[in-house]
1. Of the numbered conditions (1) more than 20 Å from Val120 (Cβ to Cβ); (2) over 16 Å from the mean Cα position of the chain (by Cα); (3) among the basic types (Lys, Arg), Arg218 satisfies every one except a single condition; which is it?
2. Condition first: part of a helix (DSSP H, G or I), of a type in the set (D, E, K, R) and surrounded by fewer than 16 Cβ atoms within 10 Å (Cβ to Cβ). Now tell me which residues in region 170-229 satisfy that.
3. For region 93-118, what are the residues that are assigned to a loop (DSSP other than H, G, I, E, B) and out of contact with any helix residue (DSSP H, G or I) (no Cβ under 8 Å at 6 or more places or on another chain)?
4. Which condition breaks for Thr145 when tested against (1) modelled with pLDDT under 95; (2) hydroxyl-bearing (Ser, Thr, Tyr); (3) within 17 Å of the chain's Cα centre (by Cα)?
5. Looking only at region 124-142, which residues are over 10 Å from the mean Cα position of the chain (by Cα) and hydrophobic (A, V, I, L, M, F, W, C)?
6. Tell me which residues, restricted to region 235-270, are of a type in the set (A, V, I, L, M, F, W, C) and part of a helix (DSSP H, G or I).
7. What are the pairs with Cβ atoms under 6 angstrom where one residue, in region 154-182, is more than 19 Å from Cys128 (Cβ to Cβ) and the other, located anywhere, is of a type in the set (S, T, N, Q) and part of a helix (DSSP H, G or I)? Sequence gap at least six, or different chains.
8. Report, by residue number, each residue of region 244-263 that is touching a residue at least 12 places away in the same chain (Cβ under 8 Å) and exposed (fewer than 14 other Cβ atoms within 10 Å of the Cβ).
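The values are calculated or read from the model by the stated rules, or taken from the named source; none is laboratory data. Nothing here was measured: the structure is a model prediction, and the numbers come from that model. Glycine gets a Cβ as well: all are built from the backbone with ideal geometry, and neighbour counts include every protein chain shown.
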Amino acid sequence: MKRDYAERRAEVLRDLDGLRVEVDADKKIGYLILDRPPLNIVSFRGREQIRAIIEEFDRDDDVGVVVIRGANGLFTSGGDVKRFPEIPTNKMSDLADNIGAPERCSKPVIAALEKYAFGVGFELSLACDFRLATKDTLVALPEITIGQMPGSGGSARVVRIAGLTRAKDMVMLGKRLPAEQAMAWGLVTDVAADSDGLTALVEDYAAQLNAMAPISLRSLKRVLNAAYDSSLKVAIEVEGHSYEKLRRTDDYAEGTEAFKEKRKANFMGR
């Protein structure tokens, strides 16, 4: 039986639901923008589209760094809770697969958090490599307050990042954490004063990341994620093989020459 998988993929990305995509080829940044006024709620369909967009950014040579950001001066208040009862029961157990797309992306992914990063929005950011926030941002996994719990990887990631005691305090009570406290707990990478400062911070991180050797960066992300999710022995084994592979790249040769010549390396991604 013939199957048109290309059309199926196109259908997923047709008519983006509360999402927008922009690519700044000069700065090598791909922006995934949550854009559903006033609170940028993420729909069930939008979750699948988020995954597909990030996978396409991963294939785009004009994109070196992916940035997920909200429109309207805020990230997102979370998922479309009012419509959850309409979703078939067996469609809700694998939500983390779509929201975990940033972690699987081979390129660095930055979440730019403003005002609210609640529910699925915070879970999405936890799957990113960097979480940058404004000083007045609040982060939360408040699902317990409506008789539910996080279902897209949030509780598991908070435990891994912040520890069991803090995770229980935050998630079991549905607490909203200020950005500074979230940074102290390791849940946020860096904090800017305001929206303009956040934009500058995001672009600074992206520029620094894009200045690195792309193959090395992809390999390092894979190694760090492996170390986060496996035994020390396995993580060291993965690190060793990745290190050996990088010795054969043109970028490593360029990096060592630039070091000897005391100049900035010009990495080409080979």
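1. (2)
2. Glu180, Asp196, Asp204, Arg222
3. Ser93, Asp94, Gly100, Lys115
4. Thr145 satisfies all of (1) modelled with pLDDT under 95; (2) hydroxyl-bearing (Ser, Thr, Tyr); (3) within 17 Å of the chain's Cα centre (by Cα) except (3).
5. Answer for region 124-142, where residues must be over 10 Å from the mean Cα position of the chain (by Cα) and hydrophobic (A, V, I, L, M, F, W, C): Leu132, Ala133, Leu138, Val139, Ala140, Leu141.
6. Passing the criteria: Ala235, Ile236, Val238, Leu246, Ala253, Ala258, Phe259.
7. Gly174/Thr145
8. Lys245, Asp250
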